[in-house]
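Take a look at the structure set out below.
No lab work stands behind these numbers, since they all come straight from the coordinates. This structure is a prediction, so every number in the text was calculated from the model and none was measured. All Cβ positions, glycine included, derive from the backbone under ideal geometry; neighbour counts span all protein chains shown.
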Amino acid sequence: MSIKRVRIEERMHHLFSNLLQREIADPRLSGISVTKVTLDPELRHARVYVNALGDEDRQEEIMATLARASGYFRNAVGQSIRLKHTPAIRFFWDTTLQGSARIHELLDQIQTENEDSTCIP
């Protein structure tokens, strides 16, 4: 992975986070956090991973709203980050947080079962 691509991903992550927190007034996009931004090697396509902790039931509404606003985000990237070509932006729902919470829950369950089995008289 090139250093240039990593820097651009970090700048885009910061830009999207600021836009969602400070500049976009759409209530459908409140409480969204950008978890990761990845670019293809040619810097033509960006994948933006988002999540709304505790609001997983709003996933479809959030993703539809972000898809409609992708032109706005692309324009913001073009104005903020100087690139030969402004990348096309696609939004994806990040499920890693739910997965890690489930793993943590299973580990706690195993630990509780082990403690219960060692306490048998």
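Taken over the range 20-39, the criterion of being touching a residue at least 24 places away in the same chain (Cβ under 8 Å) and farther than 16 Å from M63 by Cα is satisfied by T38, L39. Of all the residues in the range 41-79, those that are in contact with a helix residue (DSSP H, G or I) (Cβ under 9 Å, 6 or more places away or on another chain), of a type outside the set (F, W, Y) and within 17 Å of M12 (Cβ to Cβ) number 10.
A count restricted to the range 1-58 and to residues that are over 16 Å from W93 (Cβ atoms) and of a type in the set (A, V, I, L, M, F, W, C) stands at 11.
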